[in-house]
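The values are calculated or read from the model by the stated rules, or taken from the named source; none is laboratory data. Every value quoted in this text rests on a predicted model; they were computed, and no experiment measured them. Cβ placement follows ideal geometry from the backbone for every residue including glycine, while neighbour counts extend to all protein chains displayed.
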């Protein structure tokens, strides 16, 4: 559900019903920093920071980023350092604290578990982010968009505040190159803290091969799988084999891309089905297939508690009402090279005229590719940055064609859009699953608002 759409308010609302609310763990450092610069109007962040076990760390971040009454509408948000392997202590502390805050707020006021979802491709923040979430008592860690075989071991180490490492994928690197990310909790928290509870780990998969591989090769326990089909929102796994496009330019998926649930059941591990399962009939179908349940995104993304900008939410729900809602699976938009689902909405970056007026800039950098430079160091490049800059870093020109800045677009979706030179405002870029068109089943007879509890009532009645 992108950056900040599945925020702490939505996750808390879902968990309070007895289901598993999951917060997005993507770019939480930016989210926290911008919320503070907007003045923390309801005092939620301050309340969570007061619970952080290292007060001086929390206070430093507050004092550095908080703007009483918030910045002006035309002022730019402070530019944070982009993720790099040699991130500063201040950056690592922000990773820790921001993940703690989001999970702590999601858990506030109830005793049910809360999960957090990460993208494996966004590797650099992983270690500090996961530790921060565990400090707040996160119950589940979910991860997809890659092969997260080393995450279970990270969770095991962090239970006792022990150091952990994670391999950074670096294009052009050899086995002799040092590409390991390392993190020692005791560099940031005092010794003597009680052990943390190990969260359950759920890997998000799109193939039986990956499921088997993770069970065999992971360095710790994989507690379950989320089986995500090609109709799910956000990033989709690429089709198997050579990429072929439909008449309208979308990737073509075949039976080869469908997980064999009969084979999955033989693994003896719980699984949840995702992508097009947001209806009572599909829930029952999943249970009949042996699933433990379903994962639902799109229906929650447009409910009242969602972090989505209210104007975007209302416009999309209006489209649903009128029958004009449309999703396009863009094979090129994401710098990752994975297909990315885009909701077509006037005034957003889904319109080529809107996006073409945007200066081509990469200044958040979460989806950058790490690569080995000619000098043997680690550099970073993004096919969404200026093409000449990308080419100078060894990037192939054809890889930059059609790419968009998801990082800035997703921040704009939740009302944290960057303003440049006092006038240029980053456009949003909405994502949703193919079942967006079916959201009308959740809408009341009059009006266009519904709550997370309404979704759950509808699914489980």
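Taking helices (runs of 4 or more DSSP H) that fall entirely within region 1-101, which contain at least 2 residues that are touching a strand residue (DSSP E or B) at 6+ places or on another chain (Cβ under 8 Å)?
On the way: elements: 8-16, 28-37, 44-49, 55-65.
Result: 8-16.
Give me a count of the residues in region 376-388 that are within 25 Å of residue 78 (Cα to Cα), over 23 Å from the mean Cα position of the chain (by Cα) and in a loop (DSSP other than H, G, I, E, B).
Within region 376-388, residues that are within 25 Å of residue 78 (Cα to Cα), over 23 Å from the mean Cα position of the chain (by Cα) and in a loop (DSSP other than H, G, I, E, B) number 1.
Please work out if residue 48 is more than 15 Å from residue 31 (Cα to Cα) and either modelled with pLDDT of 95 or more or surrounded by fewer than 23 Cβ atoms within 10 Å (Cβ to Cβ) (or both).
No: the conditions fail for residue 48.
Kindly establish whether residue 291 is assigned to a loop (DSSP other than H, G, I, E, B), at pLDDT below 95, surrounded by 17 or more Cβ atoms within 10 Å (Cβ to Cβ) and in contact with a strand residue (DSSP E or B) (Cβ under 8 Å, 6 or more places away or on another chain).
no
Filter region 410-424 down to the residues that are modelled with pLDDT of 95 or more and out of contact with any strand residue (DSSP E or B) (no Cβ under 9 Å at 6 or more places or on another chain), then identify the one that is surrounded by the most Cβ atoms within 10 Å (Cβ to Cβ).
Here is the first cut: in region 410-424, the ones modelled with pLDDT of 95 or more are 410-419.
Subsequent filtering for residues that are out of contact with any strand residue (DSSP E or B) (no Cβ under 9 Å at 6 or more places or on another chain) retains 410-411, 413-416.
Details: 410: 27, 411: 25, 413: 30, 414: 22, 415: 17, 416: 23.
So, considering only residues that are modelled with pLDDT of 95 or more and out of contact with any strand residue (DSSP E or B) (no Cβ under 9 Å at 6 or more places or on another chain), the one surrounded by the most Cβ atoms within 10 Å (Cβ to Cβ) is 413.
Applying the selection to region 258-274, what residues are touching a helix residue (DSSP H, G or I) at 6+ places or on another chain (Cβ under 8 Å), part of a loop (DSSP other than H, G, I, E, B) and surrounded by 14 or more Cβ atoms within 10 Å (Cβ to Cβ)?
If the condition is that a residue be touching a helix residue (DSSP H, G or I) at 6+ places or on another chain (Cβ under 8 Å), part of a loop (DSSP other than H, G, I, E, B) and surrounded by 14 or more Cβ atoms within 10 Å (Cβ to Cβ), then 259, 267, 269 are the ones that fit.
Being touching a helix residue (DSSP H, G or I) at 6+ places or on another chain (Cβ under 9 Å), farther than 22 Å from residue 299 by Cβ and part of a loop (DSSP other than H, G, I, E, B) is the requirement here; does residue 222 meet it?
Details: touching a helix residue (DSSP H, G or I) at 6+ places or on another chain (Cβ under 9 Å): yes; farther than 22 Å from residue 299 by Cβ: yes; part of a loop (DSSP other than H, G, I, E, B): yes.
Spelling it out, residue 222 is indeed touching a helix residue (DSSP H, G or I) at 6+ places or on another chain (Cβ under 9 Å), farther than 22 Å from residue 299 by Cβ and part of a loop (DSSP other than H, G, I, E, B).
Have a look at 430, 410, 416 and point out the one that is closer than 26 Å to residue 231 by Cβ, touching a helix residue (DSSP H, G or I) at 6+ places or on another chain (Cβ under 7 Å) and either part of a loop (DSSP other than H, G, I, E, B) or touching a residue at least 40 places away in the same chain (Cβ under 8 Å) (or both). Outline the logic, then answer.
Values: 410 fails: touching a helix residue (DSSP H, G or I) at 6+ places or on another chain (Cβ under 7 Å); 416 fails: closer than 26 Å to residue 231 by Cβ.
Criteria check complete, one pass: 430.
Name the pairs whose Cβ atoms lie under 9 Å apart, with the first residue in region 91-116 and farther than 17 Å from residue 9 by Cβ, the second in a helix (DSSP H, G or I) and at pLDDT below 95, and 6 or more positions between them or separate chains?
none
Among the numbered criteria (1) in contact (Cβ under 8 Å) with a residue 40 or more places away in the chain; (2) surrounded by fewer than 16 Cβ atoms within 10 Å (Cβ to Cβ); (3) assigned to a loop (DSSP other than H, G, I, E, B), which single criterion is violated by residue 444?
Of (1) in contact (Cβ under 8 Å) with a residue 40 or more places away in the chain; (2) surrounded by fewer than 16 Cβ atoms within 10 Å (Cβ to Cβ); (3) assigned to a loop (DSSP other than H, G, I, E, B), only one is false for residue 444: (1).
Could you tell me whether residue 211 is over 20 Å from the mean Cα position of the chain (by Cα) and over 22 Å from residue 23 (Cβ atoms)?
Yes; evaluated as a whole, the condition is true for this residue.
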